[in-house]
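Let me begin by presenting the structure, written as structure tokens, before commenting on it.
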Amino acid sequence: MSALTIIAVLVLLLVVFGLLFRLQILSSIFSGSFTRDIGMSNSVNAVLMLVFLVGGGGWFAYSFVENYSKMNPPIASVHGHHMETMFWTTMGVIGVAFAITQTLLFVYAYKYQHKEGRRAYFFSHNNKIEVIWTIIPAIVMASLIFAGWKAWTRITGPAPKDSVVVELMGKQFNWLVRYPGRDLKLGVINYRLIDATNDFGIDLNDQASQDDFTVNEIHVPKGHPVLFKIRSRDVLHAVYMPNFRVQMYAVPGMPTRFWFTPTTSTDEMRAKLGNPKFNYELACNQVCGKSHYAMKATIIVDEPDDYQNWFASQKSFASQNPDLVASFKKKAIQDIAKPTAPSESKEVTPVPLANASF
């Protein structure tokens, strides 16, 4: 406690001495006896401003050109070209404004450096200038926002009726993938049913879930719309597919969706890039925990015929887990046979989280 008191006293003394020094300077200024020698430091700093402008601008240009291909992987979806155009339009507008303002900032710092006898011009107000620099940015920003809103509503709105449906569930630290079977309907899931075997919480009492199947890698057909139904089982994740220009959050308790049409198969992209090991990737780009870096999944874009063959070869989740199916049937029989006392109030069964909630 005494140490804290001593530190507090020393800090207060420093503040008092600082204020006294400040008062001495102010009294000297009012009496006209205060002079400050600028020296060469002001001119040196002014020159350094120009050096930083030229050097920093050149380094940025080199870095941008050198890493352009890494920042812009080849586009492999229909809407990706619209997103790319919108992105670079926005960057162009912002980039021009940034370049102009920063160039003026550093040039003015050099041009209007302090010189003896020079006084700054006091510019109080100008309605015309304020109207110009308010209305023009407002129109530009409104146009960009409207274009973004149109693109967003298109890719998150109702998907075509013949879309391939894929359910993605993010959990620490991997992606769970489920497809509807031949009935093309995803069955009901209930978070209460999640266990080590039933990662999704699939309700096998629902007839629609009997032919659903789960896989470790995502297959989608080229040239056909694909609808991702997205969930999170624990924390916030994000479905990020750079080649398809897809990003959508996986939010706990709030299903999200995104649909797109792939245009380039995996084999075609491998040939285009000259990389036989290339694969499209689904990554989580929200820091979701200590193993976030490993939360990835492989996406295979097949030719339509190859996709049909792959789809037909998959085995349903129910057929691969007969013991789990038996336990569901046993529980259903027990629930039917269980008598209900007249005096007991019936417990309301929670409504399972169904795919219809999308």
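The values are calculated or read from the model by the stated rules, or taken from the named source; none is laboratory data. Just so it is clear, the model here is predicted, and its values are computed rather than measured. Virtual Cβ from ideal backbone geometry, glycine too; neighbours counted across all protein chains shown. Note: areas computed on protein heavy atoms with side chains; ligands, DNA, RNA excluded. Shrake-Rupley method; radii C 1.70, N 1.55, O 1.52, S 1.80 Å.
Scanning region 170-192 for residues that are assigned to a strand (DSSP E or B), under 26 Å from residue 224 (Cα atoms) and open to solvent by less than 10 Å² (accessible area, probe 1.4 Å) yields a total of 4. Counting only residues that are buried (at least 16 other Cβ atoms within 10 Å of the Cβ) and over 16 Å from the mean Cα position of the chain (by Cα), which one in region 280-304 is farthest from residue 73 (Cα to Cα)? Out of the qualifying residues, it is 302.
Inside region 145-166, residues that are modelled with pLDDT of 90 or more and touching a helix residue (DSSP H, G or I) at 6+ places or on another chain (Cβ under 6 Å) make up a count of 0.
Taken together, the residues in region 101-156 that are assigned to a loop (DSSP other than H, G, I, E, B) and either under 30 Å from residue 259 (Cβ atoms) or not small (Gly, Ala, Ser) (or both) amount to 12.
For residue 80, work out the one condition from (1) in a loop (DSSP other than H, G, I, E, B); (2) touching a Phe, Trp or Tyr at 6+ places or on another chain (Cβ under 7 Å) it doesn't fulfil. Tallying (1) in a loop (DSSP other than H, G, I, E, B); (2) touching a Phe, Trp or Tyr at 6+ places or on another chain (Cβ under 7 Å), residue 80 fails exactly one: (1). Is it fair to say residue 69 is within 30 Å of residue 279 (Cβ to Cβ), within 24 Å of the chain's Cα centre (by Cα) and at pLDDT below 90? For residue 69, the condition - within 30 Å of residue 279 (Cβ to Cβ), within 24 Å of the chain's Cα centre (by Cα) and at pLDDT below 90 - is met.
In this structure, residue 139 does not qualify as open to solvent by less than 90 Å² (accessible area, probe 1.4 Å) and of a type in the set (Val, Ile, Thr).
With respect to the conditions (1) crowded, with 21+ Cβ neighbours inside 10 Å; (2) under 24 Å from residue 284 (Cβ atoms), residue 209 lacks only one, and its number is (2).
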